[in-house]
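Peer 1: Next up is a structure, given as structure tokens.
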Amino acid sequence: MAGTKISAKYPPLIDPARTTLAYGNRALPRLNHELRTDVLLTRQRALMSLCDYLHDPEHIAAALRQGIVQSLVCLLSDEDMTVRFKSAECLQVIASHAIGRQAFLTHKVIQPLSTLFDDSEDVVRKYSHLALEMASRSVSVAEGIIEAKLVPILVSKVKTELDEIKAIVLDALHFCFKVHVQDALDNGAMAIFAGCLNHESAAIRYRAARNIMDLCVVLEGKNQAVEVKCMDSLVVLLKDTNTDVRANAAGAIMSITITTKGKYTALEAGALWPLLELTEDGNSEVRVNSLKALTSLSEAPEGRKALLEQVERIKTRLSDPIPVIVKAAEIALKTILWKP
């Protein structure tokens, strides 16, 4: 005989950790109302639902119109760790869209978000850095980060943070360096990045080499790279098993060797022969960076003398299927074969 059984479990489509969304265009107003409530559990559940809801790009603009960003900024200083973490995560999702990145400036999100850099919880710090890194991909936000004097703080975090967060910080700095590098140079960034070149993680090594290349855009950066003696580590990285590490190490050497001091430092460190090997690398970025670095080294008499014996090897790059590599090879050959 059939009977009924009363279960203590929730129905299969109900998640007790998330608030129930209102229908249609009432979803965001209700979520925003619940974000501002004094009841902790309600705030937590609303944030869980909001984070999922924002992953649909169509909801980002509506969320901005409803004042969701202002509510999230207020929650960044909440006493509850989950609220702070999910608020930062929601801001990260918003920052993944151009209109969301602009909202970081409109609603002055950068400074409140930076207060979480010293949070006691790892996950809170991680998502605060992720949100800032995502937003910094916009030039205007990167300028805002620089104006807020956050670059020295981010540089110091590279020394002290967990490896996972350190990679995120290096990415954020990379986007800031596209705008301005002087603040980083004035706060010892070159020496800190040089120390990261020997890190056990390839993700850290290649980001450190990339950021050194960014800093070497200006003359002071090139001089500092020589002073902190990062060339030996960069030459070692030319033989790294990771493609990104080799490419960025070659790129950093390419930037440093523009100056005469940089050229001779690289030659003394034995950079020429590893770079020559990389002209035959399977990765196009590695090949083009190594050719450009060799072009700089050939401007020194000692470098040209050594490379004159390798002209035929470099000529093989003239048949490369990628035009930019062919052009780099042509310039390299022209420089090597130059006669006064």
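Peer 1: Before anything else, pin down the relative contact order of the chain: Cα pairs under 8 Å, at least 6 apart, normalised by residue count, whole percent. Walk me through the numbers before you get to the answer.
Peer 2: Working: 470 pairs, mean separation 28.0, N = 340.
Relative contact order for the chain comes out at 8 percent.
Peer 1: Kirkwood Rh and Cα-based Rg: tell me the resulting Rg over Rh for segment 143-205, rounded to two decimals. It would help to have the intermediate numbers written out before the result.
Peer 2: On the way: Rg = 11.1 Å, Rh = 11.7 Å.
That ratio equals 0.95.
Peer 1: Now for a separate question. Whole number in Å², please: accessible area per residue of the chain, 1.4 Å probe, ligands, DNA and RNA not counted.
Peer 2: Numbers: 16400 Å² over 340 residues.
Spelled out: the 1.4 Å probe surface of the chain, per residue, equals 48 Å².
Peer 1: Using a 1.4 Å probe, how large is the accessible area of residue 149, given in Å² and rounded to the nearest 10?
Peer 2: Rounded to the nearest 10, the figure is 140 Å².
Peer 1: If you don't mind, another one. Cross-link list 261/292; 178/263; 126/166; 292/327; 239/334: which exceed 20 angstrom alpha carbon to alpha carbon?
Peer 2: In this structure, 178/263; 239/334 lie more than 20 Å apart at Cα.
Peer 1: What is the sum of charges, Lys and Arg at +1 and Asp and Glu at -1, for the other residues whose Cβ falls under 14 Å from the Cβ of residue 263? Present the calculation step by step, with values, prior to reporting the outcome.
Peer 2: Working: positive: 222, 261, 292, 304, 305; negative: 268, 299, 302.
Neighbourhood net charge equals +2.
Peer 1: Given 233, 274, 335, which one lies farthest toward the positive end of the charge dipole of segment 214-340, if we put +1 on the Cβ of every Lys and Arg and -1 on the Cβ of every Asp and Glu?
Peer 2: Farthest towards the positive pole: 335.
Peer 1: While we're here: Can you classify segment 237-340 as rounded, prolate or oblate using the Cα gyration tensor, where a ≥ b ≥ c are the square roots of its eigenvalues, rounded means a/c under 1.5, and otherwise it's prolate if a/b beats b/c and oblate if not?
Peer 2: Values: a/c = 1.75, a/b = 1.09, b/c = 1.61.
It is oblate, given that a/c is not under 1.5 and a/b is not larger than b/c.
Peer 1: Can I ask one more? With everything on Cα atoms, drop me the angle between helix 202-215 and the longest principal axis of the chain, reported from 0 to 90° to the nearest 10.
Peer 2: Computed tilt is about 70 degrees.
Peer 1: Still on this model: To the nearest 10 degrees, how steeply does helix 163-177 sit against the main Cα axis of the chain, on a 0 to 90 scale?
Peer 2: The helix 163-177 is inclined about 70 degrees to the chain.
Peer 1: Then there is this: Rounded to the nearest 10 degrees, what's the angle between the helix 151-160 long axis and the longest principal axis of the chain, both from Cα atoms, 0 to 90?
Peer 2: Tilt of helix 151-160: around 90 degrees.
Peer 1: OK, next. Only helical DSSP H runs with n ≥ 4 go in: add -39500 (n - 2.57) per run for the chain, normalise by residue count and round the 222 nm mean residue ellipticity to 500 deg cm²/dmol.
Peer 2: Per the formula, -19500 deg cm²/dmol.
Peer 1: So, one more: Give me the percent of accessible area attributable to carbon and sulfur for the chain, probe 1.4 angstrom.
Peer 2: Details: 8800 of 16400 Å².
So the carbon and sulfur contribution to the accessible surface is 54 percent.
Peer 1: Additional query: Sort segment 71-178 into rounded, prolate or oblate with this rule: let a ≥ b ≥ c be the square roots of the eigenvalues of the Cα gyration tensor; rounded if a/c is under 1.5, and if a/c is not under 1.5, prolate when a/b is larger than b/c, oblate otherwise. Don't skip to the answer; put the middle values down first.
Peer 2: Values: a/c = 1.63, a/b = 1.06, b/c = 1.54.
Oblate, because a/c is 1.5 or more while a/b does not exceed b/c.
Peer 1: Sticking with this structure for a sec: Tell me, what are the semi-axes, in whole angstrom and largest first, of the equivalent ellipsoid of segment 172-309 as set by the roots of 5 times the Cα gyration tensor eigenvalues?
Peer 2: Numbers: eigenvalues 100, 59, 30 Å².
Equivalent ellipsoid semi-axes, largest first: 22, 17, 12 Å.
Peer 1: Would you check the accessible area of residue 48, probe 1.4 Å, heavy atoms only, in square angstrom rounded to 10?
Peer 2: For residue 48, the solvent-accessible surface is approximately 50 Å².
Peer 1: For the chain, take the alpha-carbon Rg, divide it by the Kirkwood Rh, and send me Rg/Rh. It would help to have the intermediate numbers written out before the result.
Peer 2: Numbers: Rg = 25.7 Å, Rh = 22.6 Å.
That ratio equals 1.14.
The values are calculated or read from the model by the stated rules, or taken from the named source; none is laboratory data. Since the model is a prediction, treat every value here as computed from it, not as a measurement. Every residue, glycine among them, receives a Cβ derived from its backbone with ideal geometry; neighbour counts consider all protein chains shown. For accessibility, only protein heavy atoms count, side chains too; no ligands or nucleic acids. Shrake-Rupley method; radii C 1.70, N 1.55, O 1.52, S 1.80 Å.
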